[in-house]
1. For Val198, indicate whether it is more than 13 Å from the chain's Cα centre (by Cα) and open to solvent by less than 40 Å² (accessible area, probe 1.4 Å).
2. Looking only at residues in segment 132-160 that are in contact with a strand residue (DSSP E or B) (Cβ under 6 Å, 6 or more places away or on another chain) and either farther than 18 Å from Pro259 by Cα or part of a strand (DSSP E or B) (or both), which one is least open to solvent (accessible area, probe 1.4 Å)?
3. For segment 64-100, which positions are in a helix (DSSP H, G or I) and either of a type in the set (A, V, I, L, M, F, W, C) or open to solvent by 60 Å² or more (accessible area, probe 1.4 Å) (or both)?
4. Mind checking whether some residue in segment 75-84 is hydroxyl-bearing (Ser, Thr, Tyr), modelled with pLDDT of 75 or more and under 30 Å from Arg202 (Cβ atoms)?
5. Could you grab me the full set of residues in segment 130-177 that are more than 15 Å from Ser238 (Cα to Cα) and basic (Lys, Arg)?
6. Residues in segment 101-123 that are modelled with pLDDT of 90 or more and open to solvent by 70 Å² or more (accessible area, probe 1.4 Å): how many?
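The values are calculated or read from the model by the stated rules, or taken from the named source; none is laboratory data. Computed from a predicted structure; not experimentally measured. FYI the Cβ positions are ideal-geometry reconstructions off the backbone, even for glycines, and counts take in every protein chain you see. Areas reflect the complete protein model, heavy atoms only, side chains present, ligands, DNA and RNA absent. Shrake-Rupley method; radii C 1.70, N 1.55, O 1.52, S 1.80 Å.
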Amino acid sequence: MVLKKSIWQALILGALCTGGISCGTLVDLLVEPFESSIPTKKKSTTPKKQAKACYPVRDKEIAYIVRKGDTLGEIAACFKTRWYYIAKRNKIKNPNRIKIGQKLIIPARSSKAAAATSSKAKGRGASTSSRPPTRAKSGINWTWPAQGKIIRKFSSKGSGKQGISIAGKKGQKIVSAAPGKVVYSGEGLVGYGKLIIVQHKRDFLTAYAHNDRLLVKEGQSVKRGQTIAHMGKTAAKSPRLHFEVRYKGNAVDPLKYLP
């Protein structure tokens, strides 16, 4: 079967339940606002037979048996969903550990399911529709994560990565754009190479992709301007930093915050 990349499987894969931050908090802060589409518990509608092809799971949950070579991210991309929905539905604490023959329930993402949980999301105070604050009102002192030419600007359209790309040299220093806490540091994430995610106050997160060397670990506090990685070209054609800024899960243009 043909498996497609999931644009945010990379950014969330290692952040789930790490760094002493709850899964719910990370989902609210890190991902695009799809939290309300997580289905509530209901009577099982899982068929007995294995799903034979990839297709969007809309109205009813389906069963999937893990095959050799499968990853949670690839399975999610195959069924046009997000890996963290599958992890949450199947109570998977470590997304990197799934076994051949393991039965997974692929949750539905229909409009009915979204409506059923919208009130629950509101009850948690989750708000992804609020406008992000300006740089001056963000309460964060920002700095550039790397020096170099911008070879890709931010675009909110399309299904690609939503950030900017800065060209540079292999081994060049990558610094934290603001003080915060590392919620993910690792590789093995499709399309992002060696990746670091830092959580900042006021619902902001920043992501640093394609690094050659990672210098910080999950749970570690970092200062503004602290070197956290060395530039590389993992999952990229040339040495560069792919940099993203997220506010309450929504991608925002980094250039509106960087001085």
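1. So Val198 fails the test.
2. Ranking the qualifying residues of segment 132-160, first place goes to Ile150.
3. Of everything in segment 64-100, those that are in a helix (DSSP H, G or I) and either of a type in the set (A, V, I, L, M, F, W, C) or open to solvent by 60 Å² or more (accessible area, probe 1.4 Å) (or both) turn out to be Leu72, Ile75, Ala76, Ala77, Cys78, Trp83, Ile86, Ala87, Lys88, Arg89.
4. Yes, segment 75-84 contains at least one residue that is hydroxyl-bearing (Ser, Thr, Tyr), modelled with pLDDT of 75 or more and under 30 Å from Arg202 (Cβ atoms).
5. Arg131, Arg135, Lys137, Lys153, Lys157, Lys161, Lys173
6. Number satisfying all stated conditions: 1.
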